[in-house]
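Note sheet for the following structure.
We did not get these values from a lab; they are worked out from the coordinates using the rules stated. Remember, predicted model here, so these are calculated numbers, not experimental data. Here the Cβ positions follow ideal geometry from the backbone for every residue, glycine too, while neighbour counts run over all protein chains shown.
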């Protein structure tokens, strides 16, 4: 059965001002548009204000000035979107950890499992690992020798954590993520092949980090690869060896940081943003989707490069030819300018 | 031993007109160029017509007008390529499901396994899952609580299906694919970190969908993420939370749909095509490789944006400078135009 | 306890000229800058020569001309970087294979395990597989029926190898990699859906290949997909069906080879380089990051295409407009040129 809560309980948790009926039962979250009876909706983006009148939501989270023109039950917050985020955990359908170690898990005798750890079926944990209290390790995941997980980590199914990976508290790793695989380091062997450079560093991940499905964070060549606190990383991201990612930075899908990139704090990388090896990006930089950083960025701000603008394929074929002629175009323009005089 | 079939059997299955020897044995499929004795080849692309004379194929699938100039055994179809596709299953080397549940699989007692389900070694299936008749679940895969698979799904090894994922009939999921991981939803917490928005929706996948290796389909934030019927998705694709993908659409490798994208029916996305969040793309749109959609598309057709055209690296470095000067180029051109009068 | 070696032992292994104290103990590798007592550092890139004076390294690998101005212990090699790579294996923290087959592994009775094979917990190996001597198969990995691994392969945890995949000697596959999933082959079925083309080929991988985490190599449609010897492939790479990759080629993260691409020997692909289906790239070609190859390359050299150069987002928005006007710009320039006469 779906759990429900009184609006009053929710108001208390969010420290929100409640207008209306504190006893009404809330059994779900929704957008204003799709809300049904029992739902708590929220108004974060002002462009949806017009939906306030018609919503069937049981109650709405909104700002004070919006509440004045709304007759329904509401919770008043300065930041309704944050309030919605904070209360979302109450309605999560993610199965709660059961605090058990499944008998099929293969856990080395030296492993230090702290209190209240849940370990799913067929999990494999190698020698010397430490798993902090309250952690939940999903089915079929692997944790390599000497790795350490802080308290309250949530490791989904089929996650691969190599040896000597140090993870902080409250970290979430989604399925298919791979932490600590070898960085891509090879020296030409002079005979047309490659001599592997064994990757002697590890990976250190801070507290309250979330890492998406099929995302990889490689181990360092000599020193560790480092992901700071409160970093959020989407699916299909590549963090190469010896990168350092600053606290609070957000990285969208398909971004790639090449080797030894230093990314500052509170940066935001749109999808497919990439940074060339050994460069630094300072704090508070936004890279829009597809931005390709080829020299270090020292001034906060928003930077872009991109594929060309979207056009019909016919127009693109013509434009592509013209891009190839840009040097010629400039030379012709120069000649005209010179002749003008 | 390799199985073989008579050409007559194959003709009957494909409803093809047979010219030549119906009793000849066919033990494999091949291209015209590489065919050996026992092979059935096909002529789909007219540019390979010249290979018809020299082929060593036992028989060839082709169109009527091509058959007239070919003296060998042949099967006549209006669409030889479709005929080749239809008969390909007869020669597949993919191991057939054995209808057994491996004793090492960990299946919650509440799981509803329909008839003739095959479950590989070390598979883990959580509470309340329903697995339709004829499904085959590959080794080391995980299916989370409450998920439902329709009949005849083929789940490869090491697939991760989270909780509350509803999958139709005849769906194929390849290794490393992840269905139902959390969408990338966070609200800035006002202190330089991020408040997770728990993802309360699920994923719904239609019938006859194929999803490639290491592809991710995230669960919805409030409502479900939806993939329609007969959608085919290659490897390394990202379908973010709350996307809706229309029936019959094809998506090549490394495409990304950001959150809440609505993609129409019968669209074709070339590799690396990306669509910005909350946009709509109407039915029957082709996006060429690398196309980056930054506003909604309302007219069917072919659209492109791209990296720049390929050139020597030396030329590219010059061109890159000129792209940075485009605004200046336009201003200089304007001045010339004004002076002309 | 950390193992250490005498500088003399290391010199002998590297065939390096030793100047200084052959008995000094070396317990780690480091950069010149970060070296501590006991470390062996190396000077490969001349731009770090100034760090030679201040390093605390116990010894340094360097070239003869650099040694003359260095008073510490040193190993002289023509190629210090290659020397560092060669000795790196001595200091690797990767757990050594134990030569045991874990009792939880599910190995078909027909599997041919050669000498000294290590098989981790919950590994699943299907019918008819051959695993060469000295191989190490990581926890929770899967090897499909009829596949063959040469000697000394290192398969990490959670790797998926489908059926009929032939792998050479000394191959490393990282976690999340998928070898032999179906190529993306479908024929339109004439009713808005797709007829799957069963992928009848396999995959052949040469000797001394390394394949990164979450990288996929699809099986061929009719013939095999082929990866040559000494090929190195980073994370998140897609090698589509029927590609052939030449010996010694290096492929960085997020590269994609579409179907039937022939890539030559000793090529180097920067991150996100992509090649359109059925094209050939000759030997000794470098593709810089983001290069998108749309016609075959027949002349060795360095080729580029790219996203646009990085600029402020404000400047990019103006530039994007101008790119859309390039055809117009050219026409206006032509008119000016004509009027000039």
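What's the average, rounded to a whole number, of partner chain beta-carbon atoms within 10 Å of each residue's beta-carbon in C:250-259?
Across the residues of C:250-259, the mean count of other-chain Cβ atoms within 10 Å is 5.
What's the exposure ranking of B:198, A:236, going from fewest to most Cβ atoms within 10 Å?
B:198, A:236
Taking a temperature of 4 °C and a viscosity of 1.567 mPa s, what whole-number D in µm²/s does Stokes-Einstein yield for region C:278-323 with Rh from Kirkwood over alpha carbon pairs?
It diffuses with D of about 103 µm²/s by this estimate.
Using a label point 7 angstrom from Cα along Cα-to-C-beta, what distances in nm, from shortest up, separate residue B:114 from the other copies?
Label-point separations across copies, in nm and ascending: 4.5, 4.5.
Work out the P(r) tail for chain B: percent of alpha carbon pairs separated by more than 27 Å, whole number.
That tail contains 61 percent of the Cα-Cα pairs.
How large is the Kirkwood hydrodynamic radius of region B:51-147, counting all unique pairs of alpha carbons, in Å?
16.8
Between residue A:112 and residue A:4, what's the calculated FRET efficiency when r is the beta-carbon distance and R0 is 35 Å? Round to 0.05.
FRET efficiency, residue A:112 to residue A:4: 0.30.
To check you understand DSSP bridge types, tell me what percent of the beta bridges within the protein assembly as shown (both residues inside) are antiparallel, rounded to 5.
Within the protein assembly as shown, antiparallel bridges account for around 15 percent of the total.
Take every DSSP beta bridge with both residues inside region B:67-210 and express the antiparallel ones as a percent of the total, to the nearest 5.
Counting only bridges with both partners in region B:67-210, antiparallel ones make up about 10 percent.
Going by Cα centres, region B:149-213 and region C:302-320 are how many Å apart?
Centre-to-centre (Cα) distance: 34 Å.
Hey, in the GNM for chain B with a 10 angstrom Cα cutoff, which one of B:129, B:119, B:24 fluctuates hardest?
B:24
For q values of 0.17, 0.18 Å⁻¹, compute log₁₀ I(q)/I(0) with the Debye formula on a Cα-only model of region C:146-286, without solvent.
Taking Cα atoms of region C:146-286 as identical point scatterers yields -0.84, -0.94.
From the label point of residue B:100, set 7 Å along Cα to the beta carbon, how far off in nm is each other copy's matching point, shortest first?
Once sorted, the set of distances for residue B:100 reads 2.7, 2.7 nm.
Just checking the output field for B:202-209: average partner chain Cβ neighbours within 10 Å of each residue's Cβ?
For this peptide, the per-residue mean of nearby foreign Cβ atoms is 1.
Between the label point of residue A:312 and that of the same position in each other copy, find the distances and list them shortest first in nm, with every label point placed 7 Å from Cα along the Cα-to-C-beta direction.
Distances to the matching label points in the other copies: 3.6, 3.6 nm.
State the dimensionless ratio Rg/Rh of region A:104-168 (Rg: radius of gyration of Cα atoms; Rh: Kirkwood radius).
Checking Rg against Rh, the ratio lands at 0.90.
Can you tell me which of C:238, C:199, C:51 moves the most in a GNM of chain C? Springs connect C-alpha atoms under 10 Å apart.
Looking only at C:238, C:199, C:51, the biggest GNM fluctuation is shown by C:51.
What residue among A:220, A:72, A:128 shows peak mean-square fluctuation when chain A is described by a Gaussian network model with Cα springs under 10 Å?
Top of the fluctuation ranking is A:72.
Working from the alpha-carbon coordinates of region A:5-91, get Rg over Rh, Rh being the Kirkwood radius.
Looking at region A:5-91, the ratio lands at 0.90.
Within 10 Å of each Cβ in peptide B:274-284, how many partner chain Cβ atoms are there on average? Round it to a whole number, please.
1
Starting from the Cα gyration tensor of the protein assembly as shown, multiply each eigenvalue by 5, take the square root, and state the resulting semi-axes largest first in whole Å.
Those come to 38, 38, 38 Å.
For a Förster distance of 41 Å, can you work out the FRET efficiency between the beta-carbons of residue A:68 and residue C:318, rounded to the nearest 0.05?
0.50
If we count other beta carbons within 10 Å of each Cβ, what is the order of C:287, C:149, B:113, fewest first?
So the residues, fewest neighbours to most, are B:113, C:149, C:287.
For n ≥ 4 DSSP H runs only, could you compute -39500 (n - 2.57) per run for chain C, divide by its residues and tell me the 222 nm figure to the nearest 500?
For chain C, the value works out to -4000 deg cm²/dmol.
So in chain C, what percent of DSSP beta bridges are antiparallel if you round to the nearest 5?
10
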